[in-house]
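Remarks on the structure that follows.
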Amino acid sequence: MRCAEVNRTTRETDIKLSLNIDGGEVSVNTGIGFFDHMLISFATHGGFGLKISVNGDLNVDEHHTVEDTGIVLGKAFAQALGSKSSIDRFGSFYVPMDEALAFSSIDISGRPFLVFDADFPQEKCGEYSCAMTVEFMRAFAFNAGITLHIKSLYGDNSHHITEAIFKAVAHALRLAVKENDNNKPLSTKGVL
């Protein structure tokens with residue numbers, strides 16, 4: 001099984017995370033209701049087993065909680081994938097959510113990069129600032145070692161736009177981590 005457990009404690013957050021790329025229980029508690037909803041959607045649509053418990057300095061704001069969760073989730077994916085041999089490496093997916101449409105494309109390359117193109121008409125979804133979506137995705141991509149492209153093509157509702165983004169990333173990642181019979185990394189270099 002492709003699994004990882006990552007714990008990270010700083011002065012701002014205490015995070016315990018368990019990941020099973022091949023599926024399992026999903027349990028998320030970050031203290032931010034909408035963010036929990038996004039992470040549960042991410043795990044469900046990616047087919048990942050994911051348990052996250054976060055105690056963050058929400059008395060300040062949600063920034064440290066959201067960004068640090070992205071860091072820990074990225075580290076868990078990097079750890080669970082190991083040498084990245086026998087995976088399809090690339091994945092792309094569109095997700096419609098009512099009036100919103102989002103696209104994501106992923107390369108599990110070991111070369112972290114983020115392209116993020118999305119506007120949010122409403123500043124917040126519950127207690128979650130929509131501006132935190134790019135911070136989460138950047139932290140995730142750079143710690144997972146993936147190239148991640150995200151684009152919101154259109155939408156009028158920030159909830160729908162954000163959820164479409166998280167689901168598009170999950171589906172693209174599900175395709176990229178799919179195992180194959182190559183027993184080696186998909187690269188002319190022989191390593192990723």
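The values are calculated or read from the model by the stated rules, or taken from the named source; none is laboratory data. Keep in mind that this is a model prediction, so the values were computed, not measured. Using ideal geometry, Cβ is built from the backbone for each residue, glycine included, and neighbour counts are taken over all protein chains shown.
Somewhere in the stretch 51-64, is a residue within 24 Å of L148 (Cα to Cα), within 15 Å of the chain's Cα centre (by Cα) and without any contact (Cβ under 8 Å) to a residue 40 or more places away in the chain? Yes, because at least one residue in the stretch 51-64 is within 24 Å of L148 (Cα to Cα), within 15 Å of the chain's Cα centre (by Cα) and without any contact (Cβ under 8 Å) to a residue 40 or more places away in the chain. Of the residues making up the stretch 62-96, those that are at pLDDT 95 or above and charged (D, E, K, R) are E62, E67, D68, K75, D88, R89.
Exactly one residue among S158, S104, S152 is in contact with a Cys (Cβ under 8 Å, 6 or more places away or on another chain), within 24 Å of I32 (Cβ to Cβ), small (G, A, S) and surrounded by 20 or more Cβ atoms within 10 Å (Cβ to Cβ), and that residue is S158.
Taking each residue of the stretch 133-150 that is farther than 20 Å from E62 by Cα and looking for partners that are part of a helix (DSSP H, G or I) with beta-carbon atoms closer than 6 Å, six or more apart or interchain, yields A144/G74; A144/F77; A144/A78; G145/A78; L148/A141; I150/I165.
I'd like to verify a number: residues in the stretch 96-127 that are assigned to a strand (DSSP E or B) and over 15 Å from the mean Cα position of the chain (by Cα), how many? Number of matching residues: 7. Taking every residue in the stretch 112-128 that is more than 20 Å from E99 (Cβ to Cβ) and pairing it with any residue that is of a type in the set (G, A, S) and in a loop (DSSP other than H, G, I, E, B), at least 6 positions away or on another chain, the pairs with Cβ-Cβ distances below 8 Å are P112/G145. When D68, D61, D22 are checked against the criterion of being within 30 Å of T188 (Cα to Cα) and of a type outside the set (V, I, T), D22 stands alone in meeting it. Cβ-Cβ distances below 7 Å connect no pair with a first residue in the stretch 18-41 that is closer than 16 Å to H64 by Cα and among the acidic types (D, E), a second residue that is modelled with pLDDT under 95 and buried (at least 24 other Cβ atoms within 10 Å of the Cβ), and a separation of six or more residues or different chains.
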